[in-house]
Amino acid sequence: MAERDPRNRTGRSPLRRSPLRRGLAAAVLAAGLLVASAGPGSGTGAAALAPGTRFTPLTAAVMTEPTPFEATDGRTHLSYELLTTSALSSGTQVRLDRVDVLDARTGQVIGTLSGQALADAANPVGDPLPGADGYTPAPPGPVPTVIQGSQQWVVWLDLTLDGARPAPEAVEHHLSGAVLTPSGTSAFEETVQTTPVGRVVPPNLAPPVAPGTWYASESCCGNTHHRRGLAPVNGRFGVPQRFAIDWYRVGGQGQTWEGDPARLDSYLSFRQPVVAAAGGRVVEVQDGVPDNPPPLTPPVPPIEDTVGNHVTLEVAPGRYLLYGHLQPGSLSVREGDCVEPGQVLGLIGNSGNSTTPHLHFQVMTTPEFFPTDSQPFTFREFRVLGQVEPRIWDDNLGLQPTGVLPITPSPYAGPHHARYPLDREVLEF
């Protein structure tokens, strides 16, 4: 038998004339094909596609390797983000009804977002943080969650596992909803982004501040400017403050300031010492940025002055402690110094992107604040005294009628060991 000529009479490869090649762009945009699975054995004389291979209306990317940590509620948390993008044209919408996070090994669902919970945990990239004026709670997100064609959204995942359940070795994400077109709807389901879960135990630290009562503000895991601070740096999105905590000194009557809130020295945090939470080496020091006059929010500073005067310690390979918004001229260490736990590094000020005096503290994966990835951490020992219900942070602390925090009882009151303080807890080191 004569060997078949692989080329046709026009000299073109048959593939170039095939319906698959000719209609690929249309297929990607057609709702029906977007959800049609490629069955096993499809195609003759070619390698079969893996079962379940399909066009999908949404793509997804996980922005960090989620690392489990234990918080003051006694439960294990996983906090990270799913960046989703509509692969459809601008005239088509995707209704996202449900996001399930599964143990990739067992298929067991460990977390679900749907309805109002999904609407409150998802937003288009570039949208301002709801409720960012401080007092105002974030308004409920619109239900259903509808993603416009070619639009990119971020889904903020804050999973809480029972204390007895270990974190899975890997997670995957099951998205379901419908493609909305002028001619009707077409349901879809897709499983995306199988992601390993970090196995490194978060650093267990001594206090970063002097003994006393402190208010932990803008901590994980709610709708705060730290947790939901999506930052485009050097052409990539990141969440550089995911687990950062702002620390305010609290007096015996629950006050954070006394007298005139327009004076720096009215704030109990001002000029309080910050100390090394672990032994390490000083790898970065910035000084000379002036303190801002409270209580009005200052203009956004240049990117290099975001955290103001600061000290960064390297405490382990790839683990750095950042102390930000320090008072100019108060820093007592230099780059290259080796410090011991409890050693004073400087004094709390109001420099950089800060409205009222506080310490910005976090663990980073790089010596620099931008770009970096924020990782969880725990404190060896502290006592929860209460909690603050309204969102009070540096942008509105000095605008309160008085400097007294509305502290209420906490369900997690009492001693804690090797745990992460949750947002707006008042605790004692």
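If I ask for residues that are farther than 22 Å from residue 255 by Cα, assigned to a loop (DSSP other than H, G, I, E, B) and touching a residue at least 60 places away in the same chain (Cβ under 8 Å), which ones from the stretch 341-358 would you list?
Across the stretch 341-358, the qualifying residues are 341, 342, 343, 352.
Run down 228, 242 and say which single residue is under 27 Å from residue 86 (Cβ atoms), touching a residue at least 24 places away in the same chain (Cβ under 8 Å), part of a loop (DSSP other than H, G, I, E, B) and open to solvent by less than 20 Å² (accessible area, probe 1.4 Å).
Values: 228 fails: open to solvent by less than 20 Å² (accessible area, probe 1.4 Å).
Answer to the selection: 242.
Table: residues versus (1) surrounded by 19 or more Cβ atoms within 10 Å (Cβ to Cβ); (2) within 25 Å of residue 340 (Cα to Cα); (3) within 27 Å of the chain's Cα centre (by Cα).
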| site | (1), (2), (3) |
| --- | --- |
| 211 | no, yes, no |
| 216 | yes, yes, yes |
| 222 | no, no, yes |
| 238 | yes, no, yes |
| 246 | yes, yes, yes |
| 254 | no, no, no |
| 260 | no, no, no |
| 266 | yes, no, no |
| 272 | yes, yes, no |
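For the stretch 300-314, name all the residues that are in a strand (DSSP E or B) and either surrounded by fewer than 24 Cβ atoms within 10 Å (Cβ to Cβ) or out of contact with any Ser or Thr (no Cβ under 8 Å at 6 or more places or on another chain) (or both).
As a first pass, look at the stretch 300-314 and keep what is in a strand (DSSP E or B): 309-314.
Answer for the stretch 300-314, where residues must be in a strand (DSSP E or B) and either surrounded by fewer than 24 Cβ atoms within 10 Å (Cβ to Cβ) or out of contact with any Ser or Thr (no Cβ under 8 Å at 6 or more places or on another chain) (or both): 310, 311, 312, 313, 314.
Considering only residues that are closer than 19 Å to residue 424 by Cα, outside any loop (DSSP other than H, G, I, E, B) and of a type in the set (S, T, N, Q), which ones fall in the stretch 190-225?
Within the stretch 190-225, 213, 217 meet the criteria.
Could you count how many residues in the stretch 376-404 are closer than 18 Å to residue 357 by Cα, open to solvent by less than 10 Å² (accessible area, probe 1.4 Å) and aliphatic (A, V, I, L, M)?
2
Which residues, counting only those in the stretch 53-103, are in a loop (DSSP other than H, G, I, E, B) and either among the hydrophobic types (A, V, I, L, M, F, W, C) or without any contact (Cβ under 8 Å) to a residue 40 or more places away in the chain (or both)? Steps first, please.
Filtering the stretch 53-103 for residues in a loop (DSSP other than H, G, I, E, B) gives 53, 55-57, 63-68, 72-75, 87-92.
Residues satisfying the conditions are 53, 55, 63, 87, 88.
What's the number of the condition residue 412 fails, among (1) under 19 Å from residue 314 (Cβ atoms); (2) among the hydroxyl-bearing types (Ser, Thr, Tyr); (3) surrounded by fewer than 20 Cβ atoms within 10 Å (Cβ to Cβ)?
So residue 412 meets the others, but not (1).
For the list (1) open to solvent by less than 40 Å² (accessible area, probe 1.4 Å); (2) within 17 Å of residue 200 (Cβ to Cβ); (3) in contact with a Phe, Trp or Tyr (Cβ under 8 Å, 6 or more places away or on another chain), I need the number of the one condition that residue 365 fails.
Unmet condition: (1).
Could you pull out the residue among 333, 344 that is out of contact with any Leu (no Cβ under 9 Å at 6 or more places or on another chain) and aliphatic (A, V, I, L, M)? Steps first, please.
On the way: 333 fails: out of contact with any Leu (no Cβ under 9 Å at 6 or more places or on another chain).
Only one candidate qualifies: 344.
Evaluate the stretch 315-322: report whether one residue or more is surrounded by fewer than 21 Cβ atoms within 10 Å (Cβ to Cβ), assigned to a strand (DSSP E or B), charged (D, E, K, R) and within 24 Å of the chain's Cα centre (by Cα).
yes
The values are calculated or read from the model by the stated rules, or taken from the named source; none is laboratory data. Not measured: the values here are computed from a predicted model. Note that each Cβ is placed from the backbone with ideal geometry, even for glycine, and that neighbours are counted across all protein chains shown. Surface areas here come from the heavy atoms of the whole protein model, side chains and all, with no ligands, DNA or RNA. Shrake-Rupley method; radii C 1.70, N 1.55, O 1.52, S 1.80 Å.
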